[in-house]
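Report on one structure; see the data block that follows.
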Amino acid sequence: MEVDTQHYDDIIIGGGKAGKTLAPALVADGRKTALVERSLNMIGGGCINIACIPTKTMVASANVANTVRNSAAYGVKSNTPIVNLAEVIQRKRSVVQSAREMNLHNLEKALDNNLIIGEAKFVAPKTIAVTMADGNNRLLTAERLFINTGTRPLIPSIPGLTEVEFLTSESIMELEYLPEHLIVLGSGYIGLEFAQMFRRFGSRVTVIGQSEQILSQQDPDIAIAVQTLLEQDGIEFLLKAKVLKIDRTGNETILQIQVADRSLSLQGSHLLVAVGRAPNTESLNLAAAGVATDTRGFIQVNDRLETNVPGIWALGDINGGPQYTHISLDDYRIVKANLIDGGDRSTSDRLVPSCLFIDPELAHVGLTETEAQQQGYPIRVAKVDASAVPRARTLGQTDGLLKAIVDTETGRILGCSLLCHEAGEVISTVQMVMQAQMPYTVLRDGILTHPTMTEGLNILFSKL
């Protein structure tokens, strides 16, 4: 087996959002830089290949089906939609392929021959071995290394699970026929997006959650509102449920479940496991580099994204922070500011927005009401039904609610949750006011275009 050794100034392991954005910046700074990605099919990272982009592409198809199904409410008569899941999947693949090719072009242009496709593992603190597709190994050394290898679906330890066929958030996006009854194990963001998507495609859907409420990090009123909306779509829920055993008989997957003090059996044609994400660290041989991980395998970093080993950073989902592409991008900004621009940035006090891409969307930024109370803030809470927003009424999108938490003493917004049409867009306006540390009255009294969903912020903050 041939071994080729090459030295670089910087090596990036994994080409997700942080890695693929950092690589050209390092090259532009005069650094000899290599980016190692395990597969051409993962160029650009998880977001464009197996997560954000493909799922939201499929969500769009599901929402079109729902619009057609309910078109009579808008005075437009239409036939019942016929969902061709194979064509939905093909559209998804086309969108992903286009994004992947664009990322490949950009990386090849920036890195020349230093985009390396292969599996990387540490053999020393500043040395990695890369196993290429042809079986040959390359040894790469560098002054600085950046780990950006992302996550994969977490598979829980449930008796019988590994003996039955089950779906993950990745494999379900390759199904080309519609499940008759999809059971979703997990009531967080991933599970709920797929639950509504496949319900709107035409499947019966049951969601199993271990906690007392769905979306366990949200306030109860928000979680209940989301569950009510999804139940209106026809989705069934089993909460405070523990799966004891899983079997497969013929074309049916059978789950034995404990719910409070009763046991029940649930049968479905397909099972989606969506209980979280696990870090892609096991194949990196981090012990050879001395890089510390937590009990779940995520790499431990300080607020400048440095590991315990000088000269090694961890960026994106792999460092155990919020698992959002926009956070991975901000990780890049922090490293670039500190290593290239002479700045001093950190993860401290950064404001993290999120969006659950169901219909209507649930967007959130800052503290929940529960968190604000736990942290001892004197607060006022504003709430208004989405139906109070004129734009929502014109669109026939009146389900949901808007909620904000304000510091009584300073008038500053501590947090906001929006369950409404275009919530993911509207939340950015709230975030900008929060980042500027302006009082809520800026949104209460500001002249906002009528009729838009953003105008709902006038209405929401007037409740204070």
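The values are calculated or read from the model by the stated rules, or taken from the named source; none is laboratory data. Small disclaimer: the values here were computed from a predicted structure and weren't measured. All Cβ positions, even for glycine, are placed from backbone atoms using ideal geometry, and neighbour counts span all protein chains on display.
Condition (residue is crowded, with 16+ Cβ neighbours inside 10 Å and of a type in the set (Gly, Ala, Ser)) applied to the stretch 338-345: is it met by at least one residue?
Taking every residue of the stretch 338-345 in turn, none turns out to be crowded, with 16+ Cβ neighbours inside 10 Å and of a type in the set (Gly, Ala, Ser).
Please determine, by comparing only the residues of the stretch 236-259 that are modelled with pLDDT of 95 or more and in a loop (DSSP other than H, G, I, E, B), which one is surrounded by the most Cβ atoms within 10 Å (Cβ to Cβ).
LEU239
Counting only residues that are in contact with a Cys (Cβ under 9 Å, 6 or more places away or on another chain) and closer than 23 Å to ARG296 by Cα, how many does the stretch 314-373 have?
Number satisfying all stated conditions: 3.
Any idea how many residues of the stretch 122-136 are part of a strand (DSSP E or B) and crowded, with 17+ Cβ neighbours inside 10 Å? Even if it seems obvious, please write down each step before you answer.
Going through the stretch 122-136, the residues part of a strand (DSSP E or B) turn out to be 122-124, 127-132.
Add one more test, that the residue is crowded, with 17+ Cβ neighbours inside 10 Å, and what stays is 122, 127-130.
Residues flagged as part of a strand (DSSP E or B) and crowded, with 17+ Cβ neighbours inside 10 Å within the stretch 122-136 amount to 5.
What strands (runs of 3 or more DSSP E) lie completely within the stretch 282-401 and have 3 or more residues being under 22 Å from GLN431 (Cβ atoms)? Working first, answer last.
Values: elements: 312-314, 354-356, 361-366, 379-385.
Output list reads 354-356, 361-366, 379-385.
Any idea which of ASP294, ASP317 is under 30 Å from PHE198 (Cβ atoms), outside the structural domain of GLY415 (by TED's automatic domain parsing) and charged (D, E, K, R)?
Unique residue meeting the criteria: ASP317.
Return the pair list, or none, for Cβ contacts closer than 7 Å from residues in the stretch 103-128 that are in the same structural domain as GLU282 (by TED's automatic domain parsing) and free of Cβ contacts under 8 Å to residues at least 40 places away in the same chain to residues that are assigned to a strand (DSSP E or B) and not aliphatic (A, V, I, L, M), at least 6 apart or on different chains.
Taking only residues 6 or more apart or on different chains, the pairs are THR127/THR141.
Here is a list of conditions, (1) in the same structural domain as ASP9 (by TED's automatic domain parsing); (2) under 30 Å from ILE312 (Cα atoms), and VAL88 meets all of them except one; can you say which number that is?
(2)
Which residue out of GLU212, GLU231, GLU236 is touching a Lys or Arg at 6+ places or on another chain (Cβ under 7 Å), free of Cβ contacts under 8 Å to residues at least 40 places away in the same chain, charged (D, E, K, R) and not assigned by TED's automatic domain parsing to the domain that holds ASP10?
One residue alone meets the criteria, GLU212.
Residues to consider are TYR377, TYR332; find the one that is within 28 Å of ILE190 (Cα to Cα), aromatic (Phe, Trp, Tyr) and more than 17 Å from the chain's Cα centre (by Cα).
Criteria check complete, one pass: TYR332.
Does the stretch 274-284 include one or more residues that are of a type in the set (Lys, Arg) and within 30 Å of PHE122 (Cα to Cα)?
Keep residues of the stretch 274-284 that are of a type in the set (Lys, Arg), which gives 277.
Adding the requirement that they be within 30 Å of PHE122 (Cα to Cα) leaves 277.
Among the residues of the stretch 274-284, at least one is of a type in the set (Lys, Arg) and within 30 Å of PHE122 (Cα to Cα), which makes the answer yes.
Confirm whether VAL207 is within 19 Å of GLU361 (Cβ to Cβ), part of a strand (DSSP E or B) and within 23 Å of the chain's Cα centre (by Cα). I'd like the intermediate steps shown before the answer.
Values: within 19 Å of GLU361 (Cβ to Cβ): yes; part of a strand (DSSP E or B): yes; within 23 Å of the chain's Cα centre (by Cα): yes.
Judged against the criteria, VAL207 is a match.
Out of everything in the stretch 438-464 that is in contact with a strand residue (DSSP E or B) (Cβ under 6 Å, 6 or more places away or on another chain) and part of a loop (DSSP other than H, G, I, E, B), what residue ends up being farthest from LEU401 (Cα to Cα)?
The selected residue is TYR440.
Going residue by residue through the stretch 425-434, is there one that turns out to be at negative phi, in a loop (DSSP other than H, G, I, E, B) and modelled with pLDDT of 95 or more? Walk me through how you get there before you give the answer.
As a first pass, look at the stretch 425-434 and keep what is at negative phi: 425-434.
Now narrow it down to the ones that are in a loop (DSSP other than H, G, I, E, B): none.
Scanning the stretch 425-434, I find no residue that is at negative phi, in a loop (DSSP other than H, G, I, E, B) and modelled with pLDDT of 95 or more, so the answer is no.
Scan the stretch 260-286 for residues that are in contact (Cβ under 8 Å) with a residue 12 or more places away in the chain, farther than 25 Å from GLU165 by Cα and loosely packed, with under 15 Cβ neighbours inside 10 Å and report the count.
So the count comes out to 1.
Find the residue count for the stretch 170-212, including only residues that are within 22 Å of VAL95 (Cβ to Cβ) and of a type in the set (Asp, Glu).
Residues flagged as within 22 Å of VAL95 (Cβ to Cβ) and of a type in the set (Asp, Glu) within the stretch 170-212 amount to 4.
Yes or no: ALA423 under 27 Å from VAL76 (Cβ atoms), touching a Ser or Thr at 6+ places or on another chain (Cβ under 9 Å) and not basic (Lys, Arg)? Full working, then the answer.
Details: under 27 Å from VAL76 (Cβ atoms): yes; touching a Ser or Thr at 6+ places or on another chain (Cβ under 9 Å): yes; not basic (Lys, Arg): yes.
In short, yes.
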